[in-house]
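The values are calculated or read from the model by the stated rules, or taken from the named source; none is laboratory data. Just so it is clear, the model here is predicted, and its values are computed rather than measured. Quick reminder, even Gly has a Cβ in these numbers, built from the backbone with ideal geometry, and neighbours come from all protein chains shown. With ligands, DNA and RNA removed, areas are computed over all heavy atoms of the protein, side chains included. Shrake-Rupley method; radii C 1.70, N 1.55, O 1.52, S 1.80 Å.
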Amino acid sequence: MTHIFADLHNHTTASDGDFSPGDLVARAAGMGIKVLGVTDHDTLDGLESALDAGKRQGIEVFPGVEISVRFNRAFFTGTLHLLTYFSSALLKDSGFITRFKTLLAAGRGQSLVRARIEKINEVFGSSGKFPLLSRDLAFEDIAAYSANASRRHFALALAEKLGISDKDTITRIIGNDSPAYLPSGVDLEQVRGFLNTEPVVAVLAHPAAGSFPGEGHYKEVLPPLETVVRLLPEVLDAGVKGLEVHYPGHAPEHRALLLAWAQKYNLLVTGGSDCHDSASRPLGAAGADEQEFMRLKQEVLCVEKKSR
């Protein structure tokens with residue numbers, strides 16, 4: 001049996017987890033976990049099912065969403081993740097759900113495609129910093145291939161619509177090292193507006209996972225701790241109120257540092273397994289104790305009350 005009171009970071013089939021919401025809840029209940037955070041990537045779709053399963057299983061399901069926040073800086077192009085928690089009662093608030101979905105949609109789909117096109121034109125367009133295109137790339141060039149465009153569709157458009165046959169040139173325009181590369185996710189300023197107007201509590205997910213000394217799942221895509229240190233002031237200024245300290249990909253010295261940050265900035269402390277499957281990323285690997293969870297829950301209830 002686990003000694004974890006609250007495992008506050010987990011994924012289901014609503015995003016990229018192996019377990020359905022009901023299966024994940026049943027597994028947590030069987031392990032003796034008292035509180036289960038269900039925090040799928042950029043979607044609320046699994047939460048109703050998880051809450052229903054929680055009632056059947058006698059376990060508290062704490063709803064949230066893991067929001068991808070994109071950065072495009074000289075020292076870092078990529079994403080940070082925010083675990084954004086809220087009261088289960090808000091799932092019945094259609095206005096809140098609509099506003100949340102609108103925010104999330106800005107980080108993917110057509111909004112992301114348009115943002116990537118704008119950036120490519122700014123850098124490589126006919127009047128760009130490094131003009132490589134005979135004309136600016138248009139949204140219709142990409143939409144002709146797919147309503148849910150990927151990098152492959154951008155490559156096809158550059159080759160077939162703009163006549164670029166050299167693969168190295170295409171890579172220069174759309175590769176990860178391109179000055180026009182724009183990661184998926186919502187811009188921090190959009191997140192700031194949401195956090196400052198909606199009854200949610202945001203926690204910076206796995207801040208040190210990019211510097212884990214052993215095998216880690218996020219080392220390739222998350223920044224090292226030194227980069228997080230540089231971004232932390234503006235992340236906190238945007239309205240983030242906590243740090244995910246207890247995490248499988250945090251070394252002991254990182255947990256100690258994050259606890260010191262939490263004390264220095266008066267931040268909430270949370271923890272979670274980041275469960276995706278039963279083997280490499282299992283449930284019950286990390287979590288918050290009862291006192292840490294109750295402080296988070298009190299903050300969530302407080303912001304909800306203030307919004308009424």
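Before moving on, here are some points about what is shown:
- Accessible surface, per residue, of the chain when the full set of protein chains is kept, probe 1.4 Å, Å²: 46 Å²
- Label-point gap, in nm, between GLN291 and GLU122 - each point 7 angstrom along Cα→Cβ: 4.6 nm
- Local electrostatic count, SER87, Cβ distance below 13 Å [Lys/Arg +1, Asp/Glu -1]: 0
- In this simple spin-label approximation, GLN298 and ASP52 carry label points 7 Å from Cα along the Cα→Cβ vector, and these lie 3.5 nm apart.
- Local electrostatic count, THR171, Cβ distance below 11 Å [Lys/Arg +1, Asp/Glu -1]: 0
- For the chain, with all protein chains in place and a probe radius of 1.4 Å, 49% of the accessible heavy-atom surface sits on carbon or sulfur.
- Cα gyration tensor of the stretch 253-308 - equivalent ellipsoid semi-axes, whole Å, descending: 25, 18, 9
- Direction-averaged projected area, Cα convex hull, the stretch 6-106: 6.9 nm², rounded to one decimal.
- Given a 1.4 Å probe and the protein chains as shown, SER20 ends up with an accessible area of around 50 Å².
- Residue-wise HN-Hα couplings along the stretch 70-84, as the Karplus relation 6.51 cos²θ - 1.76 cosθ + 1.60 with θ = phi - 60° gives them from phi, are 8, 10, 9, 10, 4, 9, 6, 10, x, 10, 10, 10, 10, 7, 10 Hz; Gly and Pro carry x.
- Residues whose placed amide H lies under 5 Å from that of VAL61, excluding near-sequence neighbours: LEU36
- Whole-angstrom gap from the stretch 72-103 to the stretch 1-63, using each part's C-alpha centre: 18 Å
- Loop GluC sites (Glu not before Pro), the stretch 175-279, which have at most 10 other Cβ atoms in a 10 Å radius of their Cβ (DSSP): GLU215, GLU220
- Zone of ARG308's modelled label, taken as backbone nitrogen in the stretch 69-104 under 18 Å from a point 7 Å along Cα→Cβ: 86-96
- If the convex hull is drawn through the Cα atoms of the chain, its volume per residue in Å³: 141 Å³
- Cα pair distances of the stretch 46-86 binned at 10 Å [whole percent]: 26, 31, 21, 15, 6
- Binned Cα-Cα distances of the stretch 119-275, short to long, each 10 Å bin given as a whole percent: 10, 29, 23, 23, 14, 1
- What the Cα atoms of the stretch 68-112 give is an Rg and a Dmax of 13.5, 42 Å.
- FRET efficiency, 1/(1 + (r/R0)^6) with R0 45 Å, evaluated for GLU253 and ASP93 via beta carbons: 0.60
- Label separation (ARG135 vs ASP45): 3.6 nm, computed from points 7 Å beyond Cα along the C-beta direction.
- If you wrap the Cα atoms of the stretch 7-59 in a convex hull and average its projected area over all directions, you get 3.0 nm².
- Note on the stretch 230-283: along the principal axes its Cα atoms extend 37, 23, 19 Å, ordered by decreasing extent.
- Within the assembled protein chains, the solvent-accessible surface assigned to HIS41 is about 40 Å², based on a 1.4 Å probe.
- Per-residue SASA entry for TYR145, accessible area with 1.4 Å probe, Å² rounded to 10: 70 Å²
- Restricting the calculation to Cα atoms, every distinct pair contributes to the Kirkwood radius of the stretch 76-165, found to be 15.4 Å.
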